[in-house]
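Below is one structure; the comments refer to it alone.
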Amino acid sequence: MMPQPLHDWYEKAARRPWEDATGPVRVSPHSWFVGQTWVGVILIETKEGLIIIDSGINGQMWQIFEAIRKIGYDPERDVKLCLLSHCHIDHFSGMQLLQHYCHPIVYMSELEKDWPNIPEYHDTDGIDYCLPFTPDRYYDYSRPIELGGMRIQPVLTPGHTPGTTSFFFEDTDDETGKTYTVGLHGGLGMNTMGDKDFPDAASAFAARDAFRAQMLELREKRVDISITNHPINIHMADRIQNDKKDYTPFVDPSVWTQQLDEKLAELDQLEKESKFQR
């Protein structure tokens, strides 16, 4: 089966979000995915309210708010923080609505502080529209973000965008007492690694070598549960069970390395086909 074109995925998520909707799916003891099988957000429960990773897109916002209610929270009262993984429109076009309705403290990478205000970066051929927003804070990659006993460590992982940020945290099952390392790679696509992004071979080699080194370093990190804003990255749909409150199908350390290995293979192919050769 041929993969569905990106345009079709986006059109469905923005205009017909009830198609391919997952509903809230628990993916670790205290985190949930909600969205479509193509794109969505992560909700993280803490003792002081919810952390949301990404805001979602405009057409998804009613689903996200409904999911928050389904897992027992009030979106207007309980969404305390929003962490943006990277400044692509499919992860932030709902941000302005989220800010006005939920009033979270919004974090993003300072490397992309101007991106929300450059509409041409976010052209979706009329499917969605860019609503600029202003963050409250920028990531300090030397320290975790804390709320209600949850400590989330942001890690700069450029390549998809200059400020792509990944997140890692420890999550303990209240019943079993078992603790898992949970990781979300903020953006695996190599959108800034193409030939068009570099003026010459030296800059291309430097950027691609840095990307490869970063991926190999991340590969050495043990991650018990991989979560995602794009389910296809971890083949998440294959793991969703009828009981969507059961996170245990997502406990699999091999998933973290598998998604990185797939991206490293893509980098190999990109370099093989590049006009820049060593």
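The values are calculated or read from the model by the stated rules, or taken from the named source; none is laboratory data. Please read these numbers as outputs of a predicted model, since none were measured by experiment. Positions of Cβ are backbone-derived with ideal geometry, glycine not excepted, and every protein chain shown enters the neighbour counts. Ligands, DNA and RNA are stripped out before the accessible areas are found, and what is left, the full protein with its side chains, is counted by its heavy atoms. Shrake-Rupley method; radii C 1.70, N 1.55, O 1.52, S 1.80 Å.
Remarks
- Cα gyration tensor category, rounded, prolate or oblate, for segment 47-89 with a/c compared to 1.5: oblate
- Computed [θ] at 222 nm, helices only, for the chain once each DSSP H run of length n ≥ 4 contributes -39500 (n - 2.57): -8000 deg cm²/dmol
- Signed unit charges on C-beta, dipole axis of segment 167-278, positive-most listed residue Phe205, Thr228, Thr172: Phe205
- Segment 1-83 shape via C-alpha gyration tensor axes, a/c threshold 1.5: prolate
- Put simply, the convex hull of the Cα atoms in the chain casts, on average, a shadow of 14.7 nm².
- Each Cα pair under 8 Å and six or more residues apart adds its sequence gap; the mean of these over the residue count of the chain is a relative contact order of 17 percent.
- Highest mobility in the GNM of the chain, judged by mean-square fluctuation with C-alpha springs under 10 Å and restricted to Trp62, Trp18, Trp32, is found for Trp62.
- Using only alpha-carbon positions in segment 151-232, the gyration tensor eigenvalues give semi-axes of 31, 12, 9 Å once each is multiplied by 5 and square-rooted (largest first).
- Multiplying the residue separation of Asp140 and Ile71 by 0.36 nm and subtracting their alpha-carbon distance yields 21.8 nm.
- In the context of the full set of protein chains, the chain has a per residue accessible area of 47 Å² (1.4 Å probe).
- Ranked by the mean number of other Cβ atoms within 10 Å of their residues, highest first, the peptides 49-56, 268-275 fall in the order 49-56, 268-275.
- Computed over the alpha-carbon atoms, segment 188-278 gives an Rg to Rh ratio of 1.09, Rh here being the Kirkwood radius from the mean inverse distance.
- Extension gain, Thr248 back to Leu267 (0.36 nm per residue minus Cα-Cα distance, nm): 3.7 nm
- Simple label model, 7 Å out from Cα along Cβ direction - Asp123 to Asp174, nm: 4.9
- Beta bridges by DSSP in the chain, antiparallel share as percent, to the nearest 5: 70
- Here the accessible area of the chain is 50 percent carbon and sulfur, with a 1.4 angstrom probe and all protein chains present.
- Relative protection proxy for 235-241, 175-181, from highest mean packing down: 235-241, 175-181 (other beta-carbon atoms within 10 angstrom).
- The order of the peptides 105-112, 83-90, 151-158, 36-43 by mean Cβ neighbours within 10 Å, most packed first, is 83-90, 36-43, 105-112, 151-158.
- With respect to the chain, whose longest principal axis is taken over its alpha-carbon atoms, helix 61-70 is tilted by about 40°.
- Cα gyration tensor shape for segment 69-196, rounded if a/c is under 1.5, else prolate or oblate: oblate
- Beta bridges per DSSP with both ends in segment 121-278, % antiparallel, nearest 5: 80
- Semi-axis lengths (Å, descending) of the ellipsoid that matches the C-alpha gyration tensor of segment 123-165: 27, 15, 10
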